Amino acid sequence: MTADRTRDATGFEEFARSNQRRLYRTAYLLCGEAESARDLTQTTLAKLFQHWHRASTADHPTAYARTVLTRTYLAERRRRLRDFLAHSHVDAPPPAVGPELTVTLLTALAELPPRARAMVVLRYWEDLGVHTVAELLRCSESTVKSQCSRSLVTLRTRLGDAHLYTTRS
């Protein structure tokens, strides 16, 4: 292995070690389950490693990694949806959940479409600006604003008066 490749590999390992938890947290919020989040994080790190020379010279490698993570998530969701629609009949949506059931934020997030979910997670959980989210998702700022607004209305409706961490009595 050449000296440049060794240096690149060492730099990537340090980056991966210091950012893996943050990437996993974002992946978990996007996916809603631990196993999918681990897979998404690993896929993201693998893609970053393949293009580490480009990623390491970026102004903000962490932002570059978050972009790769988000775009990988959306591409996977599109592929799954395309496969699902090609092989199954889409039924009517299930009836609304009764008020006796406790609804959590993760459950409500899971019901949002993947792109809207990504916008809400990046905008409000990762605390990114509208401009940054628009760049990450390759859309206009007005799209981010309108989708986030609609998604928040949907989340408020689904959550109702339920508290985030309440349990049934």
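In table form, for the structure just shown:
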| read-out | value |
| --- | --- |
| In Hz, Karplus ³J(HN,Hα) per residue of the stretch 148-156 (6.51, -1.76, 1.60; θ = phi - 60°; x = Gly, Pro) | 5, 4, 5, 5, 5, 4, 4, 5, 4 |
| Calculated from backbone phi, Karplus (6.51, -1.76, 1.60) coupling profile of the stretch 11-28 in Hz, x at Gly/Pro | x, 5, 4, 5, 4, 4, 4, 7, 10, 4, 5, 5, 4, 4, 4, 5, 4, 5 |
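None of the figures in this text is laboratory data; all of them are computed from the coordinates on show. Keep in mind that this is a model prediction, so the values were computed, not measured.
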